[in-house]
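One structure is given here, and the rest of the page talks about it.
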Amino acid sequence: QVQLVESGGGLVQAGGSLRLSCAASGRTAGNYAMAWFRQAPGKEREFVAARSSGGTPLYADSVKGRFTISRDNDRNTLYLQMNSLKPEDTAVYYCAARSLPGPPMAAHTYNYWGQGTQVTVSS
């Protein structure tokens, strides 16, 4: 069993930065592929970025060049550095982890989810 706890959300002006953290507990959490998703009001949950243990990061086109995903396996923590934030980045951001292989952008392949952290970008 893996528990995920996100932190670091908040209110920021357009052009600003935030760093999200996701602390994972569980003996094998460091071996899991992990990702960030987000969900804006009235919209479906969408993929943001993913990184497997030691793998190449993958980004949604909408955040490429602005967001950076990283992980510290020693601390079982996943990060999302968000720069040049835009109002359209406003959403609840969720950390996810999975124990089995699958398409990294597909939410249904992740079997562990955090509670989410709100990010609001004002114009």
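Charging the Cβ of each Asp and Glu at -1 and of each Lys and Arg at +1, and nothing else, the dipole of the chain about its Cα centre rounds to 140 debye. Note on the chain: Kirkwood radius taken over Cα pairs, Stokes-Einstein applied at 20 °C and 1.002 mPa s, translational D equal to 151 µm² s⁻¹.
Whenever you get a sec, compute what percent of the accessible area on the chain sits on carbon and sulfur atoms (1.4 Å probe).
Looking at the chain in its full context, I get 48 percent from C and S.
Measuring with a 1.4 Å probe in the full set of protein chains, what accessible area per residue, in whole Å², belongs to the chain?
Result: 52 Å² per residue.
At full extension, THR109 and ASN83 could sit 6.6 nm farther apart than now, given 0.36 nm per residue minus the alpha carbon distance.
Evaluating 6.51 cos²θ - 1.76 cosθ + 1.60 at θ = phi - 60° for every residue in segment 98-107, the Karplus couplings come out as 9, 9, 10, x, x, x, x, 8, 8, 4 Hz, glycine and proline recorded as x. In order along segment 7-12, the phi-based Karplus estimate (6.51 cos²θ - 1.76 cosθ + 1.60, θ = phi - 60°) of 3J(HN,Hα) comes to 7, x, x, x, 9, 9 Hz; Gly and Pro are listed as x. When the charge dipole of segment 1-63 is built from unit charges on Cβ atoms (+1 for Lys and Arg, -1 for Asp and Glu) and taken about the Cα centre, the candidate among SER21, TRP36, ALA50 whose Cα reaches farthest toward its positive end is SER21.
Normalised by the number of residues in the chain, the mean separation of alpha-carbon contacts (under 8 Å, six or more apart) gives a relative contact order of 36 percent. For GLY10, nonlocal amide neighbours, meaning residues 5 or more places apart or on other chains whose placed amide H falls under 5 Å from its own, are VAL119, THR120.
With N residues in segment 52-123, what two-decimal value do you get for its Cα radius of gyration over 2.2 N^0.38 Å?
Here the answer is 1.17, to two decimals.
The values are calculated or read from the model by the stated rules, or taken from the named source; none is laboratory data. Just so it is clear, the model here is predicted, and its values are computed rather than measured. As a convention, Cβ positions derive from the backbone with ideal geometry for all residues, glycine included, and neighbour counts pool all protein chains shown. Accessible surface areas use protein heavy atoms only, side chains included; no ligands, DNA or RNA. Shrake-Rupley method; radii C 1.70, N 1.55, O 1.52, S 1.80 Å.
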